[in-house]
Every structure is written in structure tokens, then in C-alpha cells.
1. Under a point-charge model restricted to the Cβ atoms of Lys and Arg (+1) and Asp and Glu (-1), what is the dipole moment magnitude of the chain relative to its Cα centre, in debye to the nearest 20?
2. Helix 174-189 sits at what angle to the longest principal axis of the chain, using alpha carbons and giving 0 to 90 degrees rounded to 10?
3. Residues with amide H under 5 Å of S225's amide H, sequence separation 5 or more or different chain, H placed in the peptide plane at 1.01 Å from N; which?
4. So what's the convex hull volume per residue for the Cα atoms of segment 1-119, in Å³?
5. Ratio of the chain's C-alpha Rg to 2.2 N^0.38 Å, to two decimals?
6. Sort 4-17, 140-153, 41-54 for me by packing, meaning the mean count of neighbouring Cβ atoms within 10 Å per residue, highest on top.
7. Counting helices only, and only those DSSP H runs with n ≥ 4, report the 222 nm mean residue ellipticity of the chain as the sum of -39,500 (n - 2.57) divided by its residues, in deg cm²/dmol to the nearest 500.
8. Given 25 °C and 0.890 mPa s, compute D for segment 136-239 with the Stokes-Einstein relation, Rh being the Kirkwood radius over Cα pairs; round to the nearest whole µm²/s.
Amino acid sequence: MQYVPPLNPRLYPNLDKLLAARDRTLDWLNSSDDPDSEPNIARLSLTEAVKIIPIRFQAAVPTEPAVRAWVDAVADAARTEQVQRGAYLASVNHGPSLVLLGPTGVGKTYEAYGAVRDIAVTGVVARWTVTTAADLYAALRPRHGIDSEAEFAKYRNARLLLIDDLGAERKPTEFTEEINFRLVNHRYEHQLPTLFTSNVGAAELAQRLGDRVTSRLAEMCQRVSMKGSDKRRSNGEAA
Ligand SMILES: Nc1ncnc2c1ncn2[C@@H]1O[C@H](COP(=O)(O)OP(=O)(O)O)[C@@H](O)[C@H]1O
Ligand SMILES: [Mg+2]
């Protein structure tokens, strides 16, 4: 792994909380010069996380027990696979998936980016690809100069994938249905860990996604219904 010098905690909001929740300290994080050590992998992952996390969620620390449990499960799967394969590093390749459901503003996207940061401090190698479902469809629309199959493969094969706001379209099209099915089916068959969020209820989501997708999601994912009020309104910000 690439060596990353000690991190300045002032550049990583809530780093102390993130570490404390994993019984780790800043001293641990900044401790080792060995590029393949867990602290260095955690430093590298935190610097990578800054590049993919929107500024609004740069301070996220997951609060949902189920999200923390999923992070544990994914990190454990990486460590188990390392032992089984005799691999040099523990890397996330396979594992369980998670779907966060709940109305707008309860904190689904916050928890999802919190999970990105939380996996970083576990010290396993975790390569994320993050997108919203809407951005995914836009990125894959056939158009001049784009190899949409090559583009699709990046998402389909991502080591860890965040799909935010799945099922947000009121009217699914043949195109979005095909993307959903091919993506979920591939990730289901290969047991690739995926974090989905959706702001429609379980029944409505099932209707929008159709039986084939819903049944695979049910088997591959733990489902978490987040409750509460719209945090955007209580913050005094418009949704
Ligand atoms: N646990 C939390 N602590 C602090 N702020 C939070 C928390 N959860 C959500 N927020 C804030 O509340 C707002 C709405 O959260 P968001 O994750 O965007 O909701 P959703 O994705 O469910 O619509 C955002 O500004 C987010 O930063
Ligand atoms: Mg959101």
C-alpha cells in the first residue's frame, strides 16, 4: 500500500468519535510506518474517503446499530477471506449487503457515508464506488462516445458499492428496470457487498423494482427501516 504520513485530525471532522466507536485512538491511527499495517491502510482509506464523500457528509459517524453491525460483518468477511486465501492483506471482496429504508431526511445518506468512514478505520482495504441511482442511470444512458457496457462494469464489479436513493423514480422505464436487474443480479450472484438506500417503503419499493429484483435484495440484504422526523426541517434547512 501507499504510505500515508500521520493525519492531522483537524482535517477529518469527528475523527475522534469515529475512532472511539471502534475502540481506537488517534495514536493508533498515526502509529505505524509500515505501509501494509492496519493504521496505514486506515489513513489511506480516510484520505480516499474525503475524495468521494460530499462535503455535507464529511463528518458523518454512523449511529444506526445495524449500519455499524454491517460494517463489522464486511470487515470480518475481509479478514476471513484473507486467512482462507492466505492473502497478504485483508481486502473487502465479498460480503453481505444492506438496504436502508426511510422517509426523506431521516439520515439515510448520512448513515451510508458514515459507513464509508467507519469501514476506513477498521483498517481493511475497502474500495468504494458511490453513486445515486439517478446518476447511475444518467451515466449509463447510451450516447455518443460512451461505452456504456464498460461504464456499467465499473459499477457492477465495484468492490463496495453505494447506490443512494434506489427506486426514487415514480415511473420505472425499461431502461432503469434492466439496469436494476442486471446490477442487482450480478451483485447477488457474486456476493458483492452493496449498500442501498431508498426513501420509499418496503412495499412500494418492491412494486417499483419488481419481483425478480426484490427477491434477490431480500436474500442478499439486511433491511433497516430508519424512523424519525425530517432532520433537514429541524435543522432549519429546506429539503
Ligand atoms: N446522525 C446525524 N447527526 C447529525 N446530522 C445528521 C444525522 N443524520 C442526518 N443528519 C443531517 O440531516 C440531514 C438529512 O440527512 P440525510 O442523510 O440527507 O437524509 P436522507 O438521506 O434520509 O434523506 C443532512 O443535513 C444530514 O447531514
Ligand atoms: Mg439521501
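1. 460 debye
2. Helix 174-189 sits at roughly 40 degrees to that axis.
3. L101
4. Hull volume normalised by residue count: 107 Å³.
5. Normalised Rg, Cα atoms only: 1.03.
6. Result, highest mean Cβ count within 10 Å first: 41-54, 4-17, 140-153.
7. Mean residue ellipticity, 222 nm, calculated: -14500 deg cm²/dmol.
8. Once the numbers are plugged in, D ends up at 162 µm²/s.
Here, each number is a calculation from the coordinates, and none is a lab measurement. What you see is a predicted model; the values in this text were computed from it and never measured. Reconstructed Cβ throughout: ideal geometry from the backbone, glycine too, with neighbour counts over all protein chains shown.
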